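Every number here is computed from the coordinates shown, using simple stated rules; none is lab data. These figures come from a predicted structure and were not determined experimentally. We place every Cβ from the backbone using ideal geometry, glycine too, and count neighbours over all the protein chains shown.
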Amino acid sequence: SKSSRSLTGGIADIFTKRKLDDDTLQDLEDILIQADLGVDTAMRITEKVAAGRYDKEVSPEEVKSVLAEEVSAVLSPLATPLAVDEAHKPFVILTVGVNGSGKTTTIGKLAAQFSREGRSVMLAAGDTFRAAAVEQLKVWGERTGVPVVSRETGADASGLAFDALKQAREERRDVLIIDTAGRLQNKSDLMAELQKIVRVLKKQDETAPHAVLLVLDATTGQNAMNQVDIFQQTAGVTGLVMTKLDGTARGGILVAIADRFGLPIHAIGVGEGVDDLQPFEADAFARAIAGLE
Amino acid sequence: MFETLQDRLSGIFETLTKRGALSESDVNAAMREVRRALIEADVALEVVRSFIDKVRERAVGKEVIRSVTPGQMVIKIVHDTLVETLGAEPEPVDLQAVPPVAIMMVGLQGSGKTTTTAKLALRFTQEDKKKVLMASLDTRRPAAQEQLKILGEQAGVDTLPIVPGEDPVRITRRALDAARLGGYDVVMLDTAGRLHVDEELMRESVEVRDIAKPHETLLVADALTGQDAVNVARSFDERVGVSGIVLTRVDGDGRGGAALSMRAVTGKPIKLLGTGEKLDGLEIFHPDRVANRILGKGDVVSLVEKA
Ligand SMILES: Nc1nc2c(ncn2[C@@H]2O[C@H](COP(=O)(O)OP(=O)(O)OP(=O)(O)O)[C@@H](O)[C@H]2O)c(=O)[nH]1
Ligand SMILES: Nc1nc2c(ncn2[C@@H]2O[C@H](COP(=O)(O)OP(=O)(O)OP(=O)(O)O)[C@@H](O)[C@H]2O)c(=O)[nH]1
Ligand SMILES: [Mg+2]
Ligand SMILES: [Mg+2]
């Protein structure tokens, strides 16, 4: 893509037969900042790159791969696919995030993936607020051949979630994925609504929800830190999905998030199609940030 | 979560005993902190650089007024330069053209185009007493056309009837015809979200633009956008041509640096702010408010108190 090309160019220009001095390190830090790592994380990674190499001649390739290694070292321990624990029937996945981050689309992709694995899936149209949110999920249900439990727009979301779980249990479904309306984390009334959904699910199965996925948009900058912080506190986020990595945004905030929250990163979205969900691979992600592809 | 710029700058200036004019070395030290604050507010690095150069030039040699500290002085200069760069005067969406006036909405996936289309249509109807027609050209996202239709019903604004299987170019032609025949003042074209690097879809936007000849083409962008804001704004402006920017999700707690990034690289005005999911969540852009947010609460409060 455009930005990774310019990053590659940038690094090559900077490091052609140069010493790894302060100026060079500043340039390196800038490259990380432009990938949305944030100042602190960019500085920390840059320091690691410098350790033991300061004032030495370095080739651009070497710097790039060291950079990628350092980023990957932060992310690797967290790269874990979303595992369906078969002890729970259904395994309940609650999907949360700010408006437009890609929740509903990700649910469609996950439904396809689980169905392919031979699991019987059910979806719950828990976004009872946004215009045509229910219809949108129903289209995904049709696409993937998965039933969708829904109520009319304006209905109570937690009531819908309760009914969906009941139905999924009765039908002995393997997986139930619950969609929710997008909400900004600073809206306490909306966050309380999310807590209510969790509470209501626990009435039927105190271990539910078994996974709470926070869907993050790769184009988001430093605010993603607040998103993780507050969604984790209120909804008990258990893992992350990052969408829209098919654009030029590098999603580097994930490195800062990994550093601070240590939440598993399950998958990435790389398009709007049903197959555009990939497992999160720390190395590939880190190499893109370092401009190695 | 963030230390305010004020705190950091006072830390720097604490070590300086001299008052009077700001020296070049004082300013350089201060600019490192300003740089950091702007990056934390999501201003894109290339924009941070040119912005800092401007501020540095203005700050060096500046007399520090008695009532404020050197740190507050620097913040005042940063604030004023922010307001100036963001565009001091609000520029409304312009409807002064031969009806039906076409307005095209473009942007990345999920940025808020459809919601903003309905918000604007409601405003034109209620405040400007215009007869508005909305059309969804989004044949890709599931239920996108349905979404606009429902929002139209909520707003009491007409939407072009949905014809399944029609492509965006044909919908555009039908919308323009319907607007002309129906005596509409304004026709709003809500397009599908697309990546600025998606050649095929960007070409489609150009085709729609050439047919509709929009009086305004509004780039709808998320206020929570990070460093990528410059790439997005520049590409949409270069490829499709943008007449203004609408920033959505300003009701969030993001610092909104994308506003400065987009304005700086395109020179195009930020016209409106989306401040909620409901149809009344639309406000006129006020640079001062956005500047305050980029700077952070703590800084603005002290600035207002002292200056
Ligand atoms: N390019 C790209 N677009 C995506 C990706 N994931 C989702 N989208 C698009 O982003 C837009 C928003 O996606 P949704 O799934 O509706 O997002 P949401 O979080 O459910 O939105 P709300 O329910 O309104 O909060 C749609 O146009 C999707 O097609 C991705 O990985 N890449
Ligand atoms: N909080 C808040 N939410 C907003 C605002 N504007 C839009 N939204 C929400 O953001 C999400 C996406 O909005 P849409 O209008 O569907 O975005 P879009 O750009 O049309 O999306 P695509 O057509 O998929 O590209 C929805 O959940 C909206 O309710 C805003 O100003 N504030
Ligand atoms: Mg949704
Ligand atoms: Mg839309």
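Could you rank the peptides B:190-197, B:139-146 by their average count of other C-beta atoms within 10 Å per residue, with the highest value first?
Going by the mean number of other Cβ atoms within 10 Å, highest first, we get B:190-197, B:139-146.
Which angle between 0 and 90 degrees, to the nearest 10, do you get for helix B:144-155 versus the longest principal axis of chain B when only C-alpha atoms count?
Compared with the principal axis, the helix lies near 80 degrees.
Given only helices, namely DSSP H runs of n ≥ 4 each adding -39500 (n - 2.57), what is the per-residue ellipticity at 222 nm of chain B, to the nearest 500 deg cm²/dmol?
Value at 222 nm, helices only: -15500 deg cm²/dmol.
What is the sum of charges around A:R260, taking Lys and Arg as +1, Asp and Glu as -1, for the other residues whose C-beta is under 12 Å from the C-beta of A:R260?
-2
State the antiparallel share, in %, of DSSP beta bridges confined to region B:180-307, rounding to the nearest 5.
25
Need one value for A:177-188: mean number of C-beta atoms belonging to other chains within 10 Å of its residues' C-beta atoms.
The shielding value for this peptide is 2.
Using a 10 Å cut-off around each Cβ of peptide A:128-138, what is the average number of partner chain Cβ atoms that fall inside?
Averaged over the peptide's residues, the number is 5.
Straight-line reach from A:K89: which lysines have Cα under 27 Å away, leaving out those fewer than 8 places along the same chain?
A:K103, A:K109, A:K138, A:K166, A:K196, A:K202, A:K203
If you average 1/r over all unlike Cα pairs in region A:27-75 and invert the result, what Kirkwood radius do you get in angstrom?
About 10.9 Å, per the Kirkwood formula over Cα pairs.
Going by a ≥ b ≥ c, the root eigenvalues of the Cα gyration tensor, does the protein assembly as shown fall in the rounded group (a/c under 1.5), the prolate group (a/b larger than b/c) or the oblate group?
Verdict is oblate for the protein assembly as shown.
Among A:266-277, B:81-92, B:63-74, how do they line up from the highest to the lowest mean number of other beta-carbon atoms within 10 Å?
So the peptides A:266-277, B:81-92, B:63-74, ranked by packing, come out A:266-277, B:63-74, B:81-92.
With a sphere of radius 13 Å drawn around the Cβ of A:L213, what net charge do the other residues whose Cβ falls strictly inside it have (Lys, Arg +1; Asp, Glu -1)?
So the surrounding residues net to +1.
What helices does chain A have that are whole DSSP H segments, at least 27 Å long along their own axis by Cα, and with mean Kyte-Doolittle hydropathy of 0.0 or more?
Span-like helices in chain A: none at all.
Indicate, rounded to the nearest 5 percent, the antiparallel portion of the DSSP beta bridges found entirely in chain B.
Around 15 percent antiparallel, to the nearest 5.
Quick check: Cα centre of region A:20-54 to Cα centre of region A:146-189, how many Å?
44
Per residue of B:267-280, count partner chain C-beta atoms within 10 Å of its C-beta, then hand back the mean as an integer.
What the average comes to for B:267-280 is 1.
In Å and whole numbers, how far do the C-alpha atoms of region B:74-148 stretch along each principal axis, longest first?
51, 31, 19
Out of all DSSP beta bridges in the protein assembly as shown, what portion is antiparallel? Express it as a percent rounded to 5.
20
Using only Cα atoms, find the angle between the long axis of helix B:24-40 and the longest principal axis of chain B, and express it within 0 to 90 degrees, rounded to the nearest 10.
30
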